[in-house]
Amino acid sequence: MTTPDPMLPPEDPIAPAAPLQGWPEQPGAVRLDTQLLRADPDELYRKLRREHGPVVPVLLEPDIPVWMVLGYRELLRVTTDPNLFARDSRRWHSWDRVPPDWELMTFVAYRPTMLFSEGADHERRSEAIIDSMESVEPFELRAQCERVADQLIDVFAGSGRADLMAEYASQIPLRVLNRMYGLDDDPALTQETVDLVSGKAGPAAFDRLTNRMVALLEHARSNPAASNIASVLAFHPAGLTDEEIINDLLGNVYAAHQPTTDLIGNALRLMLTDERFAVTMSGGRRSVGQALNEVLWEATPVPNWVGRWASEDTMFAGRHIRKGDCLMLGLAAANADPDVRPDFRAGASGNQAHMAFSHGTHGCPQVARELAENIAMAAIEVLIDRLPDVTLSVTPDELEWRSALMMRGVSSIPVEFTPAFAR
């Protein structure tokens, strides 16, 4: 059985397209302003929409052409037509422009996971993934989240100070996922996986994570009575191969960890800095659920996603899209599209029609969204319960965004509180 490599270049294109000619010289192509993206992404999206419309030809560093889909309705069109706007990145005609160390390679290079599958194969594999996630019992999940949160708070509760990103938010998703998978919770290996997903660890860490998944699947195959995600996949009627399961277990680690970490962190930032939430964290505040929903509208952890690839030539939003063109989903820009949401702060009203989890058959499944939100809610509620007077130890302006094209979160959240006893 072969194992996936997160930096593997594409092989065996499934639908070769003509090499791209002249895009960097095409009138109207826009070099993406990475400084504005980091400093004020909402202003960047408004500027692009105002000057170029809902679908914009942009150049990512270094001169990599993609169509950036900014409009809400346009995003719906792309995500609800998987035959025309397909998911397999081997369709891309511009791989010759992509350097092997491209910052988005981990997300874009084809791997044999459910995320890149199409058609009947995608239906078969996504059904198995959804069934495995639905096997997670909500009350047990909540109990697991609370145990993990309490264990982490116990470490720093007596000091009266903490960085809620490094010491709390970044640890919870993987430790809970370990339990959902059926893995032992080894803090050292969990930290290594956190570093791997965030790009701080190299190929050796990936090999160790892969070996853990291989051993996990072997254990699941030999224990049919076990109840966890790996066991459901091992015996699912879809008849998944070992290679398919290993790839999907690994893919879910990458898909689940950082977005859930940033959902927790971005919501904590909102609750600690916005007077509607932060009179004190313990009273007179809006609910945690409201904070999470507002974050999903206005500070979504995944603001953009590359992507979709056109399976044939087409006209779309007045643009000539060619076979093999790449489309980047502007999830944050769609959330702020004035054509469908003139009130930019409408997210707090309870409206959940945001694009934070994308949409359509290749969007994040509903059960996965619920798991992520439940983990985030439990993490924040336990923190509030344990440390009710927690406050920032810096000014709100000193909080820095760790802002990249496809992931957006707070770098650190230094706080202080009355020292408390460990439980």
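The values are calculated or read from the model by the stated rules, or taken from the named source; none is laboratory data. Keep in mind that this is a model prediction, so the values were computed, not measured. Heads up, the Cβs are rebuilt from the backbone with ideal geometry, glycines too, and the neighbour counts pull from every protein chain shown. Ligands, DNA and RNA are stripped out before the accessible areas are found, and what is left, the full protein with its side chains, is counted by its heavy atoms. Shrake-Rupley method; radii C 1.70, N 1.55, O 1.52, S 1.80 Å.
Flag set for G307, criterion: small (G, A, S) and more than 22 Å from L141 (Cα to Cα). Candidates are the residues of segment 150-180 that are small (G, A, S) and within 23 Å of G199 (Cβ to Cβ); the one that is most open to solvent (accessible area, probe 1.4 Å) is A166.
Only one of these is under 18 Å from the mean Cα position of the chain (by Cα) and open to solvent by 20 Å² or more (accessible area, probe 1.4 Å): R111, R147, R91. Name it.
R111
Among the numbered conditions (1) part of a helix (DSSP H, G or I); (2) farther than 24 Å from Q144 by Cα; (3) touching a Leu at 6+ places or on another chain (Cβ under 8 Å), the only one that D207 does not meet is (3). Summed over segment 34-73, the residues that are within 20 Å of the chain's Cα centre (by Cα), modelled with pLDDT of 95 or more, open to solvent by 10 Å² or more (accessible area, probe 1.4 Å) and not aromatic (F, W, Y) give a count of 0.
Taking the stated definitions as given, is E127 free of Cβ contacts under 8 Å to residues at least 60 places away in the same chain, assigned to a helix (DSSP H, G or I) and either under 22 Å from the mean Cα position of the chain (by Cα) or buried (at least 18 other Cβ atoms within 10 Å of the Cβ) (or both)? Outline the logic, then answer.
Details: free of Cβ contacts under 8 Å to residues at least 60 places away in the same chain: no; assigned to a helix (DSSP H, G or I): yes; either under 22 Å from the mean Cα position of the chain (by Cα) or buried (at least 18 other Cβ atoms within 10 Å of the Cβ) (or both): yes.
No.
Can you name every one of the strands (runs of 3 or more DSSP E) wholly within segment 290-385 that holds 3 or more residues which are of a type outside the set (G, A, S) and either open to solvent by less than 50 Å² (accessible area, probe 1.4 Å) or in contact with a strand residue (DSSP E or B) (Cβ under 6 Å, 6 or more places away or on another chain) (or both)? Don't jump to the end; show me each part of the working.
Working: elements: 304-310, 314-316, 319-321, 326-330.
By residue number, 304-310, 326-330.
If we keep just the residues of segment 245-272 that are among the polar types (S, T, N, Q) and farther than 16 Å from M165 by Cα, which is least open to solvent (accessible area, probe 1.4 Å)? Out of the qualifying residues, it is N247. For the condition touching a Gly at 6+ places or on another chain (Cβ under 8 Å) and of a type in the set (G, A, S), A420 qualifies.
Any idea which of D185, D195, D242 is acidic (D, E), open to solvent by 60 Å² or more (accessible area, probe 1.4 Å) and either within 24 Å of E373 (Cα to Cα) or in contact (Cβ under 8 Å) with a residue 24 or more places away in the chain (or both)? Break it down stepwise before answering.
Values: D185 fails: open to solvent by 60 Å² or more (accessible area, probe 1.4 Å); D195 fails: open to solvent by 60 Å² or more (accessible area, probe 1.4 Å).
That would be D242, the only listed residue that is acidic (D, E), open to solvent by 60 Å² or more (accessible area, probe 1.4 Å) and either within 24 Å of E373 (Cα to Cα) or in contact (Cβ under 8 Å) with a residue 24 or more places away in the chain (or both).
Summed over segment 205-222, the residues that are over 26 Å from the mean Cα position of the chain (by Cα), open to solvent by 80 Å² or more (accessible area, probe 1.4 Å) and not basic (K, R) give a count of 2. Within segment 396-422, residues that are among the β-branched types (V, I, T) and surrounded by fewer than 16 Cβ atoms within 10 Å (Cβ to Cβ) reach no partner that is in a strand (DSSP E or B) and at pLDDT 95 or above with beta carbons closer than 6 Å at six or more positions or on different chains.
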